[in-house]
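A.B. asks: The structure that follows is given in the form of structure tokens.
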Amino acid sequence: STMRERKATDPLHSSTDLSEGKEKLRLKQEVGLISGVSLIAGTMIGSGIFMSPEWVLHHMGNPASSLLVWAACGLLATFGALSYAELGTIIKESGGEYIYILRIFGSFPAFIFAYTSVILVRPAGLAAVCLSFAEYAIAPFYPGCSSPQVAIKCTAAACILILTTINCLNVRLATSVMNIFTAAKLLALLVIVVGGLVLIAKGQTQSFQNGFQGTTAGIGAVGVAFYQGLWSYDGWNNLNYVTEELKKPEVTLPRALMIAIPLVTCLYLLVNVSYLAAMTPSELLSSGAVAVTWGDKVLGSWAWLISLSVALSTFGSSNGTFFSGGRVCYIAAREGHMPDILSMAHVRRLTPSPALLFTSAMSLIMIISGSFTSIVNFFSFMAWLFYGMTISGLLYLKIKKPELPRSYKVPIIIPIIVLMAAVYLVLAPIIDQPQMEILYIVLFIFSGIIFYFPLVRFKYHPRFLQRVTLHLQLLLEVAPTTRDAN
């Protein structure tokens, strides 16, 4: 059948093992503390810090309040990650939000999350990162003016096609690309931080005088500014997608989070200070590629190094997004919530090519139809909707199931703050500046009902879907994956 029959599970059964009665996959536990920190920091540092500063400043109105937003975003990401750390020590399974929603709230909300994530959320994230890669890759060819949108979108589309080829050909090649480009992004940020400290030491602090003058007061504008800032911190929950592969997850998970996220927050604040030391707020707002403008002002003839480093950084980040994109898809298929074809692998190359090709196609559609800032706002609205649902699940467990064994407990005030922030981030833009796009997103989320009841709840599998699956298997040379249980 095209959908795997899901084994019956009673979410949060009275047993202390939340996954009792479920087919379990015991992966090798090879991710230690250093690897965990690298995974979080490497995923978080992507395109956002090179693209979002001008939009945060635009919506907040002045440098000082924009820096406060960046600090608040880091604090919120830390609180969210600590809340997820407790969830990860209660439900010791990979899959992040999907598996938590499934175990706590049941099949239907989990299907809606998987449906939305596979079709919209992950492709939107990939599209936004590739658009920022394109912005920086072609910026040197258009000095002193904004790059044409057609050129940006064509370059972003080419980036997606190259990534699809790399990831479909060889897993080792994809991981090598990720490791090389992680070094590039750290180098670019360190150059910007050191350059900014030198400028401040020379007395270039005019951007910080009267820093709070003209602060925006609208709740919608502040919410959108947070969207842009939080986009740069996205990835704080990545370790929860590989819980089954962590060494001592009850120890490694919270420790890795407490090291990686404050480190990235400090780095982001210093980079923003460096941008403002080199540019006036108006110059920063008019820059299509902030780091390139910074390089032109500070490094002179060596400015091309920044463009190259940032392009490599965003390419590596998009490769990481692409590489990890199959996890929710795979686990949702394991639970019977996705077509089998999306969880299959190439018979010789052992890569999840159907899921990668599907993500690639959806990302290309988003690049054609949207811009960087609109895609980020669209991505953030959906992401925080599901983050809020996951955090409310943790609060349910803390109040109703305090007897469940957990090696790490977060103070209850922290998930309450995160839930309040999630509600604000979802509702504020709707209340202050309602847009038709939000209505379309909500309608799409609920359109999952059309597929859930016949295909998952009542297990209706039309013959033509089975034939389509068979033909796709033959065309793509893929087969169901086999898993070794330890």
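A.B. asks: Please count how many residues of the stretch 247-290 are of a type in the set (Gly, Ala, Ser), surrounded by 21 or more Cβ atoms within 10 Å (Cβ to Cβ) and modelled with pLDDT under 80. Working first, answer last.
C.D. replies: Residues of the stretch 247-290 that are of a type in the set (Gly, Ala, Ser), as a first pass: 256, 260, 274, 277-278, 282, 286-289.
With the extra rule that they be surrounded by 21 or more Cβ atoms within 10 Å (Cβ to Cβ), the set shrinks to 256, 260, 274, 277-278, 289.
Checking which are modelled with pLDDT under 80 leaves us with 289.
Final tally of qualifying residues: 1.
A.B. asks: Show me the helices (runs of 4 or more DSSP H) found entirely inside the stretch 424-486 where at least 2 residues are in contact (Cβ under 8 Å) with a residue 40 or more places away in the chain, open to solvent by less than 60 Å² (accessible area, probe 1.4 Å) and within 19 Å of residue 116 (Cα to Cα).
C.D. replies: 436-446
A.B. asks: Taking only the stretch 359-379 into account, find how many residues are at pLDDT 80 or above and either among the small types (Gly, Ala, Ser) or surrounded by 21 or more Cβ atoms within 10 Å (Cβ to Cβ) (or both).
C.D. replies: Final tally of qualifying residues: 6.
A.B. asks: Output the residues belonging to the stretch 315-324 that are open to solvent by less than 20 Å² (accessible area, probe 1.4 Å) and either modelled with pLDDT of 75 or more or not hydrophobic (A, V, I, L, M, F, W, C) (or both).
C.D. replies: Passing the criteria: 316, 317, 318, 319, 320.
A.B. asks: Further, regarding this structure: Of (1) touching a residue at least 24 places away in the same chain (Cβ under 8 Å); (2) closer than 27 Å to residue 303 by Cβ; (3) touching a helix residue (DSSP H, G or I) at 6+ places or on another chain (Cβ under 8 Å), residue 112 satisfies all except one. Which?
C.D. replies: Among (1) touching a residue at least 24 places away in the same chain (Cβ under 8 Å); (2) closer than 27 Å to residue 303 by Cβ; (3) touching a helix residue (DSSP H, G or I) at 6+ places or on another chain (Cβ under 8 Å), residue 112 violates only (2).
A.B. asks: Being small (Gly, Ala, Ser) and either in a helix (DSSP H, G or I) or open to solvent by 50 Å² or more (accessible area, probe 1.4 Å) (or both), is that true of even one residue in the stretch 404-421?
C.D. replies: yes
A.B. asks: Mind checking which pairs have a first residue in the stretch 140-168 that is within 19 Å of residue 366 (Cβ to Cβ) and a second that is at pLDDT 90 or above and surrounded by 19 or more Cβ atoms within 10 Å (Cβ to Cβ), Cβ under 7 Å, 6 or more apart or different chains?
C.D. replies: 157/364; 160/364
A.B. asks: Oh, and also: Is it the case that residue 310 is closer than 26 Å to residue 39 by Cβ, assigned to a helix (DSSP H, G or I) and modelled with pLDDT of 75 or more? Can you show your working first?
C.D. replies: Values: closer than 26 Å to residue 39 by Cβ: yes; assigned to a helix (DSSP H, G or I): yes; modelled with pLDDT of 75 or more: yes.
It is true that residue 310 is closer than 26 Å to residue 39 by Cβ, assigned to a helix (DSSP H, G or I) and modelled with pLDDT of 75 or more.
A.B. asks: Residues of the stretch 343-358 being within 30 Å of residue 454 (Cβ to Cβ) and either buried (at least 23 other Cβ atoms within 10 Å of the Cβ) or of a type in the set (Lys, Arg) (or both), which ones?
C.D. replies: Answer for the stretch 343-358, where residues must be within 30 Å of residue 454 (Cβ to Cβ) and either buried (at least 23 other Cβ atoms within 10 Å of the Cβ) or of a type in the set (Lys, Arg) (or both): 344, 352, 354, 355, 356.
A.B. asks: Take residue 90 and decide whether it is in contact with a helix residue (DSSP H, G or I) (Cβ under 9 Å, 6 or more places away or on another chain) and over 30 Å from residue 188 (Cα atoms).
C.D. replies: Values: in contact with a helix residue (DSSP H, G or I) (Cβ under 9 Å, 6 or more places away or on another chain): yes; over 30 Å from residue 188 (Cα atoms): yes.
Against the criterion (in contact with a helix residue (DSSP H, G or I) (Cβ under 9 Å, 6 or more places away or on another chain) and over 30 Å from residue 188 (Cα atoms)), residue 90 qualifies.
A.B. asks: Can you name the helices (runs of 4 or more DSSP H) wholly within the stretch 100-178 that have at least 2 residues being of a type in the set (S, T, N, Q) and surrounded by fewer than 24 Cβ atoms within 10 Å (Cβ to Cβ)? Write out each step before concluding.
C.D. replies: Details: elements: 107-116, 122-138, 149-169.
The helices (runs of 4 or more DSSP H) meeting that bar are 107-116, 149-169.
The values are calculated or read from the model by the stated rules, or taken from the named source; none is laboratory data. Predicted model, so just to flag it, every value in this text is computed and none were measured. Positions of Cβ are backbone-derived with ideal geometry, glycine not excepted, and every protein chain shown enters the neighbour counts. SASA here: full protein model, heavy atoms, side chains in, ligands and nucleic acids out. Shrake-Rupley method; radii C 1.70, N 1.55, O 1.52, S 1.80 Å.
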